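Structure record follows, encoded as structure tokens.
The values are calculated or read from the model by the stated rules, or taken from the named source; none is laboratory data. Note that the structure is predicted; figures quoted are calculated from it, not measured. Note: ideal-geometry Cβ built from the backbone for every residue, glycine included; neighbour counts use all protein chains shown.
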């Protein structure tokens, strides 16, 4: 029976592959650390560049609003595209929503479908909160722009308190589960129905903070008499934000799955493990501290869109 030279060469390389395999996970970890360190070094530059790009977009959106008012051809389509791109780019900056989502996805066993539900609904809720707030304040209470911004800041503080509260609840539940003696040797991942209240709370925590980029456009649109265009822009920004945060969520789940394969203990995967509860405890501590930081700093260091 003839053997393929290609198969023979692969067989000869197998011992070397087995020898390298134990070190592959450390190589991947080292690569991740190097990339993370480079990103940390370049982060201030990226943030400043992001702010400059956002300012350019703000000016372009303002000019396009006047073009729409004057009914110039193609202005509405251009405005719609710019609003969508604005949402995508603006949400790439550092923001509280991405920190909350990524921390939760790392700390809790979550499916891709559930993570998409979180990112889609939280992005949409931010836009709807902004639209509802501005509409009520402008049309019902005849509030000034300063009053609208003041109410937006108050809503942000409520959102930051919810972040703190969400972290405390995660800590409490994790400690409660860690103190409870295990009853079987198998670990069952929670289903969506088991933690739907927690997911709704997470969506509310992120979404209750109005999108201030949308608030700005709504105010400008009201000034030039095309308020409905501002509403359209807010929804398109939400869609752009959703695209970015959903991509980050999928990358987070992919990285979590990869790290589980590289560093997971294959010999004890049938045994009961409390490591998910410790991970949830760590996530709760991070969110609690993050909530305190936001309450003290007033979100100075973070992006105005998610």
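A few points about this structure:
- Scanning region 167-188 for residues that are modelled with pLDDT of 50 or more and surrounded by fewer than 12 Cβ atoms within 10 Å (Cβ to Cβ) yields 176, 179, 180, 181, 183, 184, 186, 188.
- For region 219-236, taking the residues that are closer than 16 Å to residue 136 by Cα and surrounded by 24 or more Cβ atoms within 10 Å (Cβ to Cβ), the one that is nearest to the chain's Cα centre (by Cα) is identified as 234.
- Scanning region 69-112 for residues that are over 30 Å from residue 52 (Cβ atoms) and touching a residue at least 60 places away in the same chain (Cβ under 8 Å) yields a count of 9.
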